[in-house]
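Enquirer: For reference, the structure I am asking about is given below.
The values are calculated or read from the model by the stated rules, or taken from the named source; none is laboratory data. Just so it is clear, the structure is predicted and the values come from calculations on it, not from any experiment. Cβ: placed from backbone, ideal geometry, glycine included. Neighbour counts: every protein chain shown. Just so you know, the surface numbers come from the protein's heavy atoms only, side chains and all, with ligands and any DNA or RNA stripped out. Shrake-Rupley method; radii C 1.70, N 1.55, O 1.52, S 1.80 Å.
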Amino acid sequence: MRTHYCGQLHSEHIGETVTLCGWVDRRRDHGGVIFIDLRDRSGVVQIVSDPERTPASYADCDRLRNEYVVKITGRVSQRPEESRNPRLPSGEIEIYADRIEVLNAVHKPLPFQVSSADNESVREELRLKYRYLDLRRERMARNMQLRHQVIKSIRRFLEDQQHFMEVETPILTRSTPEGARDYLVPSRVNSGEWYALPQSPQLFKQLLMVAGCDRYYQIARCFRDEDLRADRQPEFTQLDMEMSFMSLEEILELNESLICHIFKTIKDIDIPRPFPRITYKDAMDRYGTDRPDTRYGLELVDVSDLVKDSGFKVFSGAVASGGIVKILPIPEGNAAISNVRIKPKGDLFQEAVEAGGQGLAYIRVKEDGEIDTIGAIKDNLTPEQKAELLARTQAKPGHLLLFGAGQTAIVNKTLDRLRQVIARQLGMVDQNKINLLWVTDFPMFEWNADEKRLEALHHPFTCPNPDDLADIKNARALAYDVVYNGLEIGGGSMRIYQREIQEKVFEAIGLSPEEAYNKFGFLLDAFDFGTPPHAGIAYGLDRFVMLLAGEESIRDVIAFPKTQQARCLLTGAPASVDTKQLKELHVASTYKPKS
Ligand code: ASP
């Protein structure tokens, strides 16, 4: 139907007659001369019609309204000097319309303006309900393009340069162990039995290694029934990979090349290699989190040993009950952060409470090097302790030292949160920096206090560090996460490929041999038939694209996302179904509508 795309046209086409199809982005009537911005996927071009130069099209042009679908034939002309638009690829030219055909009109008022020229901010619910209109808007169209480009660059790299092969794995499957709640699908033909939607293709990709696939990848849809946060969706996309016969070093190297390839193709940025690495323990000690943002300093300092015998009960009590006391030292903090903000009702105090902390003790270092604080700390520190405290935190006059005291996990969580908030507020985060790093040496297990058992920190197919096998419950894992500006974008591990070790790990997480065989017998059996050493990783593609797009919500880089309530506002899913359907599926509902 057309000869060109709108965004393709430029001064080289001057003099040609072209036919374009697209949407009316905007229509302006300048006293008899009508200007139309015509939009298609590639961009926008200006169409002109006036009674003298284009009498045949003028009446039709006059009828056009925003978002009409039209086919326009006309001559490409140079724009007059004063109306050239250097910001638009087609800004040098315009098209004198000889013929305009309306392919479809708009029959109702638009729920919102699509044209970027309107720059209208629209409620997200409305955008999601009319997502097809929202996706026409420039920002969303750009994000979809970017997502496509990222996936394309991944495919090119993995297939053309690294011999990976894409394999699709089942969506209807058994529960997969990523630790979230499953989405279940009842089986009609096998009464009383259920499929689970995959939380990840983990076991299938490992079995593909047993099958000799050697290098697998998939742009894989995963499903996790979790309470949603800003960057979570019930279904999301992973770049999922698995490789045989590669050492940990080789795996990290290949992944660094992949990430660098993406940044180069998408942003033309060279990322220095190798990426820095930090162990889990170091990350927790220095930043209080396993995904540290190291674009700025503000490192935490442990002073538990220094204050464990102090007369200040909050500190000594914390250490006595197995917890810690840590400091977040803030250079120039005295000038930037007032006491009101640290005391109850203050915003920083509130941040601490929201992270689970009880409150905030602090010390200010005065200009003469003396310290200023609330009584209880000051009165209970000896001059030696004071001196050691300042030395250890490298505190100078002007420094503010914020204390966290209590259970290790809570102190870390509190100070991690404060560190991020304060860094942002004090303008310490360089938005132009791209900070990529590996976190390694995770513990294999963590204690699940609710279920009173150990659970795998990554998943139970992660290989324990061979040096730690004697005490498997405290073993480090051969696992690695990639962190990008303080967000985890990917994680993976070397896998277990020997049956005895896999059985030991199942035992450690409290699975009896029968339970283990019942759930994962197919994997254990496979280990008896020649399993190669293998390893893999998965990237959260939505989040990665979100960061590359500079967006703050993954919903803005997913074509048809769900809301925080896991609803699709476009189709109305989830929805109720007929009793007949439920019966066929052998399912009875216990749901009682609230009257
Ligand atoms: N299956 C893991 C996940 O979804 C990633 C991996 O270990 O490859 O997090």
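Enquirer: Report, by residue number, each residue of segment 52-78 that is surrounded by fewer than 17 Cβ atoms within 10 Å (Cβ to Cβ) and either of a type in the set (Val, Ile, Thr) or without any contact (Cβ under 8 Å) to a residue 40 or more places away in the chain (or both).
Expert: Of everything in segment 52-78, those that are surrounded by fewer than 17 Cβ atoms within 10 Å (Cβ to Cβ) and either of a type in the set (Val, Ile, Thr) or without any contact (Cβ under 8 Å) to a residue 40 or more places away in the chain (or both) turn out to be GLU52, PRO55, ALA59, ASP62, ARG63, VAL69.
Enquirer: Right, next: Identify all residues within segment 64-90 that are assigned to a strand (DSSP E or B) and among the basic types (Lys, Arg); write none if there are none.
Expert: Matches in segment 64-90: LYS71, ARG75.
Enquirer: Is segment 184-191 home to any residue that is basic (Lys, Arg) and either open to solvent by 10 Å² or more (accessible area, probe 1.4 Å) or without any contact (Cβ under 8 Å) to a residue 40 or more places away in the chain (or both)?
Expert: Yes, segment 184-191 contains a residue that is basic (Lys, Arg) and either open to solvent by 10 Å² or more (accessible area, probe 1.4 Å) or without any contact (Cβ under 8 Å) to a residue 40 or more places away in the chain (or both).
Enquirer: Name the one entry in GLU488, GLU515 that is at pLDDT below 95 and out of contact with any Gly (no Cβ under 6 Å at 6 or more places or on another chain).
Expert: Checking each option against the conditions leaves just GLU515.
Enquirer: Which residue pairs have Cβ atoms closer than 6 Å, lie 6 or more positions apart in sequence or on different chains, and pair a first residue in segment 347-361 that is on the phi > 0 side of the Ramachandran plot with a second residue that is open to solvent by 30 Å² or more (accessible area, probe 1.4 Å) and of a type outside the set (Gly, Ala, Ser)?
Expert: GLY356/ILE410; GLY356/LYS413
Enquirer: How about segment 231-290: which of its residues are touching a helix residue (DSSP H, G or I) at 6+ places or on another chain (Cβ under 8 Å), among the acidic types (Asp, Glu) and open to solvent by 60 Å² or more (accessible area, probe 1.4 Å)?
Expert: Once the filter is applied, which keeps residues that are touching a helix residue (DSSP H, G or I) at 6+ places or on another chain (Cβ under 8 Å), among the acidic types (Asp, Glu) and open to solvent by 60 Å² or more (accessible area, probe 1.4 Å), segment 231-290 yields only ASP270.
Enquirer: Tell me which residues, restricted to segment 221-255, are in a strand (DSSP E or B) and either free of Cβ contacts under 8 Å to residues at least 60 places away in the same chain or of a type outside the set (Gly, Ala, Ser) (or both).
Expert: ARG221, CYS222, PHE223, GLU235, PHE236, THR237, GLN238, LEU239, ASP240, MET241, GLU242, MET243
Enquirer: Let me ask something else about it. Checking the structure you have, find out if any residue of segment 135-147 is open to solvent by 70 Å² or more (accessible area, probe 1.4 Å), outside any strand (DSSP E or B), within 16 Å of SER553 (Cα to Cα) and among the polar types (S, T, N, Q).
Expert: no
Enquirer: Let me ask you something else. Determine if segment 436-452 includes at least one residue that is open to solvent by 20 Å² or more (accessible area, probe 1.4 Å), modelled with pLDDT under 95 and within 11 Å of the ligand (Cβ to nearest atom).
Expert: Within segment 436-452 (the criterion being open to solvent by 20 Å² or more (accessible area, probe 1.4 Å), modelled with pLDDT under 95 and within 11 Å of the ligand (Cβ to nearest atom)), the answer is no, since none of the residues qualifies.
Enquirer: Another one. Applying the selection to segment 376-405, what residues are without any contact (Cβ under 8 Å) to a residue 40 or more places away in the chain, surrounded by fewer than 16 Cβ atoms within 10 Å (Cβ to Cβ) and closer than 16 Å to LYS366 by Cα?
Expert: If the condition is that a residue be without any contact (Cβ under 8 Å) to a residue 40 or more places away in the chain, surrounded by fewer than 16 Cβ atoms within 10 Å (Cβ to Cβ) and closer than 16 Å to LYS366 by Cα, then LYS378, PRO383, ALA387, ALA391, PRO397 are the ones that fit.
Enquirer: Would you check if there is a residue in segment 556-574 being under 24 Å from GLY192 (Cα atoms) and modelled with pLDDT of 95 or more?
Expert: yes
Enquirer: Restricting the first residue to segment 489-505 and requiring it to be in contact (Cβ under 8 Å) with a residue 12 or more places away in the chain and open to solvent by less than 70 Å² (accessible area, probe 1.4 Å), which pairs with a second residue that is charged (D, E, K, R) and within 14 Å of the ligand (Cβ to nearest atom) meet a Cβ separation below 9 Å and a spacing of at least six or different chains?
Expert: Hits for this filter: ILE489/ASP481; ILE489/ARG543; GLY490/ASP481; GLY491/ASP481; GLY492/GLU242; GLY492/ASP481; ARG495/GLU242.
Enquirer: Condition first: of a type in the set (D, E, K, R) and either farther than 17 Å from MET284 by Cα or modelled with pLDDT under 95 (or both). Now tell me which residues in segment 453-484 satisfy that.
Expert: Across segment 453-484, the qualifying residues are ARG453, GLU455, ASP467, ASP468, ASP471, LYS473.
Enquirer: When GLU514 is evaluated against the numbered criteria (1) surrounded by fewer than 15 Cβ atoms within 10 Å (Cβ to Cβ); (2) of a type in the set (Asp, Glu); (3) in contact with a helix residue (DSSP H, G or I) (Cβ under 8 Å, 6 or more places away or on another chain), which criterion, by number, is the only one it fails?
Expert: Among (1) surrounded by fewer than 15 Cβ atoms within 10 Å (Cβ to Cβ); (2) of a type in the set (Asp, Glu); (3) in contact with a helix residue (DSSP H, G or I) (Cβ under 8 Å, 6 or more places away or on another chain), GLU514 violates only (3).
Enquirer: What helices (runs of 4 or more DSSP H), lying completely within segment 477-579, carry at least 1 residues that are under 20 Å from GLU178 (Cα atoms) and away from the ligand (no atom under 16 Å from the Cβ)?
Expert: Qualifying helices (runs of 4 or more DSSP H): 499-508, 513-527.
Enquirer: Count, please, the residues in segment 117-129 that happen to be touching a residue at least 60 places away in the same chain (Cβ under 8 Å) and of a type in the set (Ser, Thr, Tyr).
Expert: Counting residues in segment 117-129 that are touching a residue at least 60 places away in the same chain (Cβ under 8 Å) and of a type in the set (Ser, Thr, Tyr) gives 0.
Enquirer: Let me ask something additional. I need a count of the residues in segment 408-438 that are of a type in the set (Asp, Glu) and closer than 16 Å to LEU547 by Cβ.
Expert: The total comes to 1.
Enquirer: Count, please, the residues in segment 192-205 that happen to be away from the ligand (no atom under 12 Å from the Cβ), under 25 Å from the mean Cα position of the chain (by Cα) and either outside any strand (DSSP E or B) or closer than 24 Å to ILE259 by Cβ (or both).
Expert: Selection size over segment 192-205: 1.
Enquirer: Count, please, the residues in segment 150-183 that happen to be aliphatic (A, V, I, L, M), open to solvent by 70 Å² or more (accessible area, probe 1.4 Å) and either touching a Ser or Thr at 6+ places or on another chain (Cβ under 8 Å) or within 16 Å of the ligand (Cβ to nearest atom) (or both).
Expert: Going through segment 150-183 one residue at a time, the tally reaches 1.
Enquirer: Turning to a different aspect of this structure: Going by what's in this entry, would LEU208 be described as more than 21 Å from LEU523 (Cβ to Cβ), touching a strand residue (DSSP E or B) at 6+ places or on another chain (Cβ under 8 Å) and either open to solvent by 80 Å² or more (accessible area, probe 1.4 Å) or within 16 Å of the ligand (Cβ to nearest atom) (or both)?
Expert: no
Enquirer: What residue, of ALA352, ALA335, is in a helix (DSSP H, G or I), of a type in the set (A, V, I, L, M) and open to solvent by less than 40 Å² (accessible area, probe 1.4 Å)?
Expert: ALA352
Enquirer: For the subset of segment 13-47 comprising residues that are in a strand (DSSP E or B) and among the basic types (Lys, Arg), which member is surrounded by the fewest Cβ atoms within 10 Å (Cβ to Cβ)?
Expert: ARG28
Enquirer: Kindly establish whether SER310 is of a type in the set (Ser, Thr, Tyr) and either farther than 21 Å from PRO383 by Cβ or loosely packed, with under 15 Cβ neighbours inside 10 Å (or both).
Expert: Here the answer is no, as SER310 does not meet what is asked.
Enquirer: From VAL429, VAL439, grab the single residue that is touching a Ser or Thr at 6+ places or on another chain (Cβ under 9 Å) and in contact (Cβ under 8 Å) with a residue 40 or more places away in the chain.
Expert: Being touching a Ser or Thr at 6+ places or on another chain (Cβ under 9 Å) and in contact (Cβ under 8 Å) with a residue 40 or more places away in the chain holds for just one of VAL429, VAL439, which is VAL439.
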